[in-house]
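So the structure is just underneath, and the comments pick up after that.
The values are calculated or read from the model by the stated rules, or taken from the named source; none is laboratory data. Everything numeric in this text was worked out from a predicted model, so none of it was measured. Heads up, the Cβs are rebuilt from the backbone with ideal geometry, glycines too, and the neighbour counts pull from every protein chain shown.
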Amino acid sequence: MFKFFSSSNIYSLIQKLINFIDSIFFLILIIGLTFALVLSPPDYTQGDSVRIMYVHVPAAWLGLACFSVITLLSVLNFIFKIRNFYFINKSIAPIGLLFTCLAIITGSLWGQPTWGTWWAWDARLTSMLVLMLFYIFYILAFKLLSGEEIIVKVSSIIAIIGSINLPIIKYSVEWWTTLHQPASIKIVGPSNIHSAMLLPLLVMLLVFLLYGALIFLMKYKTEIIRIKKKNLKKI
Amino acid sequence: MLTKKVKKRIIFLTFIFILSVFAVFFILNSLKKNILYFSSPTEIKQKEDIPFGKAMRVGGMVKKGSITINQKNIQFTVTDFENEILVSYSGTVPNLFAEGKGVVAEGKLSDKNFFIASRILAKHDENYMPPEIKEIIKKNAK
């Protein structure tokens, strides 16, 4: 089964995927931005600053999602030694960090006009900052340590400890009193967000997903080229 | 099916995971009071050892029709629909500060019913809708 993950098989598939995403990305980006910036209505209390949400929420979701994937793959790699997961993780981590930082920065820009402050040490904001720190530690493990075995060991431990933070981020707004509002979109039950705003949000989520996937594939491709180069040198 | 080495690694990771869950749990438990961003009027009323004159935060809804503005300051009642507390503040309030909306006041408690704020933060709720829809909801409510 893991034969599928061998680098030579995957290389041509990656190139096809990159081409495919390239061909549709800008179209969806333009649709998403038109909906988010022009067609969607302003909010009844926030006015136009609600539009920051269309960047903030998908970025935060993907920040969490990337870390979940990293944790899963790290653990699998640590236990079963699937070497490709090492390179996948190495490529995903900076993207997750980017999205997390983006969520924090846009949240801060939104907080100033709505709450009246750039930053508050409430549970949601702080736990998000902790996630960012875990991303940084995780990436530093790859940058500072040498030797794949030790990197896998250290980074997996960082990932598994960091993963405890994920449910804390999700439920921070329910467990404690926070300045941050509770989730508007619920997995079960009706959402508290009007459909005219939900639609652009979902399109923007798709845009972010595609963007993340594109960067990931490019980085992963570079990693594969690097391995091949190394192997060539050995011969 | 699993080799000894694999089993060893699984046990190692599970051990680390459980250990850190416990660690995080105890840390959060001991920080409980500090993680709460604000206290509600009911909590303030019920608590015996409230530090008067110490910086803290009170949060809740701005009671409808309770905002009074005079030249020096602005006064309003924060309610959690069980208990309320009067807040006095001088300065500018954020745009979203309004009657019937969430608010967090930073400042000092002068007694259990009176709070002197040094900063007001507006708390936004999780409802997102266009202004027209809000109008319709308002109409229907009447």
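Selection of the stretch B:7-55 for residues being more than 11 Å from every other protein chain (Cβ to nearest Cβ), within 26 Å of A:LEU125 (Cα to Cα) and of a type in the set (S, T, N, Q) yields B:ASN29, B:SER30, B:THR42. For first residues located in the stretch A:166-178 and in a helix (DSSP H, G or I), partners that are hydroxyl-bearing (Ser, Thr, Tyr) and at pLDDT 90 or above and lie 6+ apart or on another chain with Cβ distances below 7 Å form the pairs A:LEU166/A:SER68; A:ILE168/A:SER127; A:ILE169/A:SER127; A:SER172/A:SER127.
Within the stretch B:99-121, at least one residue is within 14 Å of another protein chain (Cβ to nearest Cβ), over 14 Å from the mean Cα position of the chain (by Cα) and part of a loop (DSSP other than H, G, I, E, B).
To keep it simple, each residue is scored yes or no on (1) at pLDDT below 90; (2) surrounded by fewer than 16 Cβ atoms within 10 Å (Cβ to Cβ); (3) not assigned by TED's automatic domain parsing to the domain that holds B:ASN83.
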residue	(1), (2), (3)
B:ILE11	no, yes, yes
B:ILE16	no, yes, yes
B:VAL24	no, yes, yes
B:LYS47	yes, yes, no
B:MET56	yes, no, no
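Annotation: of all residues in the stretch A:30-50 being of a type in the set (Gly, Ala, Ser) and in a helix (DSSP H, G or I), the one that is surrounded by the fewest Cβ atoms within 10 Å (Cβ to Cβ) is A:SER49. Number of residues in the stretch A:131-166 that are modelled with pLDDT under 95, of a type in the set (Val, Ile, Thr) and either surrounded by fewer than 15 Cβ atoms within 10 Å (Cβ to Cβ) or in contact with a Pro (Cβ under 8 Å, 6 or more places away or on another chain) (or both) equals 1.
Among the residues of the stretch A:70-86, those that are surrounded by fewer than 18 Cβ atoms within 10 Å (Cβ to Cβ) and in a helix (DSSP H, G or I) comprise A:LEU72, A:LEU76, A:PHE80, A:ARG83.
In the stretch B:27-55, the residues that are over 26 Å from A:TYR171 (Cα atoms) reach residues that are polar (S, T, N, Q) and at pLDDT 80 or above with C-beta atoms within less than 6 angstrom, at least six apart or across chains, in these pairs: B:LYS45/B:ASN83. The single condition among (1) assigned to a helix (DSSP H, G or I); (2) of a type outside the set (Gly, Ala, Ser); (3) in contact with a Pro (Cβ under 9 Å, 6 or more places away or on another chain) that A:LEU62 does not meet is (3).
Look at the stretch A:211-234: where a residue is closer than 23 Å to A:LEU98 by Cα and a partner is among the polar types (S, T, N, Q), sitting 6+ places away or on another chain with Cβ atoms under 7 Å, you get A:PHE216/A:SER91; A:LYS219/A:SER91; A:TYR220/A:SER91; A:GLU223/A:SER91; A:ILE224/A:SER7. Of the residues making up the stretch A:13-62, those that are within 30 Å of A:ILE168 (Cβ to Cβ) and within 14 Å of another protein chain (Cβ to nearest Cβ) are A:ALA36, A:ASP43, A:THR45, A:GLN46, A:SER49, A:VAL50, A:ARG51, A:ILE52, A:MET53, A:TYR54, A:HIS56, A:VAL57.
Just one of the listed residues (B:ALA105, B:ALA55, B:ALA98, B:ALA122) is small (Gly, Ala, Ser) and in contact with a Leu (Cβ under 7 Å, 6 or more places away or on another chain), and it is B:ALA122.
For the stretch A:145-158, the candidate set comprises residues that are more than 10 Å from chain B (Cβ to nearest Cβ) and assigned to a helix (DSSP H, G or I); within that set, the residue that is farthest from A:ASN84 (Cα to Cα) is A:ILE158. Do we have B:ASN140 as under 26 Å from A:SER191 (Cβ atoms), at pLDDT below 85, out of contact with any Pro (no Cβ under 8 Å at 6 or more places or on another chain) and not hydrophobic (A, V, I, L, M, F, W, C) here? It is true that B:ASN140 is under 26 Å from A:SER191 (Cβ atoms), at pLDDT below 85, out of contact with any Pro (no Cβ under 8 Å at 6 or more places or on another chain) and not hydrophobic (A, V, I, L, M, F, W, C).
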